[in-house]
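Here's the structure, in structure tokens; my notes come after.
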Amino acid sequence: SAVISQKPSRDICQRGTSLTIQCQVDSQVTMMFWYRQQPGQSLTLIATANQGSEATYESGFVIDKFPISRPNLTFSTLTVSNMSPEDSSIYLCSVAGGEEGYGYTFGSGTRLTVV
Amino acid sequence: GESVGLHLPTLSVQEGDNSIINCAYSNSASDYFIWYKQESGKGPQFIIDIRSNMDKRQGQRVTVLLNKTVKHLSLQIAATQPGDSAVYFCAEINFGNEKLTFGTGTRLTIIP
């Protein structure tokens, strides 16, 4: 299964600033996904990142707030822009394909706290 | 929109006993279901999956049951161990859009 490395693992940021999260996969994958997990809650899909095209955003998420890059088949970044305390969450990168079957593999996440 | 939900937010089980975590889903077109385990500070980890054309699948100490008639999914963990303490999520996939939709989550605590 794919191995995903996410950086940073955690950060504390000032409101109004931006943070870029990196996701590196050890194999080439077609689709990469970015999720948000607010404190004590489930995972919500932010967007799907495809190489060579603009990311596809889910309802409630916009490119100006969460710009995504996908320069190649093993790497993607998610930027959380103009942060507010409400953006404090865990942000997770995921790729299709995992242990077996159709499972999706997840990175360990980036724990973001906005103060 | 479509949603996947869980009946109970928390569950405590004595070590060695069996546990059952339930999940209700609303999208009858879902093709595939997955159970994930998330430990503190980690991303979700795949446990077991089941296709919509099956009603039961077994793994090591875990069994997933699917009842499409009532849109219900369950995860059974046998002979629970302290390492089973975590939050468990069910998730569904529709092969048409390949999006993974997560349920609310259940926190399982194993009591030594």
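Values quoted throughout were computed directly from the atomic coordinates according to the rules given, and no laboratory measurement underlies them. Given the structure is predicted, the values throughout are model-derived calculations rather than measurements. Every residue, glycine among them, receives a Cβ derived from its backbone with ideal geometry; neighbour counts consider all protein chains shown.
Observations
- Relative contact order %, chain B, counting alpha carbon pairs below 8 Å whose residues are six or more apart: 37 percent
- Mean separation of Cα contacts under 8 Å (6+ apart) over length of chain A, as relative contact order %: 37 percent
- The Cα trace of chain B gives Rg and Dmax of 13.4, 44 Å, the first to one decimal, the second as a whole number.
- Cα centroid separation - the stretch A:1-32 against the stretch B:34-112, whole Å: 25 Å
- Distance in nm between pseudo-label sites at B:A29 and A:T30 (7 Å out along the Cβ direction from Cα): 1.9 nm
- Partner aspartates and glutamates for A:K7 [C-alpha distance under 16 Å; skip if fewer than 8 residues away on the same chain]: A:D26
- Additional length obtainable on full extension of the chain from A:S53 to A:K7, 0.36 nm per residue less Cα span: 14.3 nm
- Given +1 at the Cβ of Lys and Arg, -1 at the Cβ of Asp and Glu and no other charges, the dipole of the protein assembly as shown around its Cα centre is 160 debye to the nearest 20.
- Under conditions of 25 °C and 0.890 mPa s, the protein assembly as shown yields 136 µm² s⁻¹ as its translational diffusion coefficient, taking Rh as the Kirkwood radius over Cα pairs in the Stokes-Einstein equation.
- Those Cys residues of chain A for which no other cysteine Cβ falls under 4.7 Å: A:C13
- Residue mean of other protein chain beta carbons inside 10 Å, B:95-103: 4
- Translational diffusion of chain A was estimated from the Stokes-Einstein equation, with Rh taken as the Kirkwood radius over Cα pairs; at 37 °C and 0.692 mPa s the coefficient is 233 µm²/s.
- Potential lengthening between A:T44 and A:T17 on full extension [0.36 nm per residue; Cα-Cα distance subtracted]: 7.5 nm
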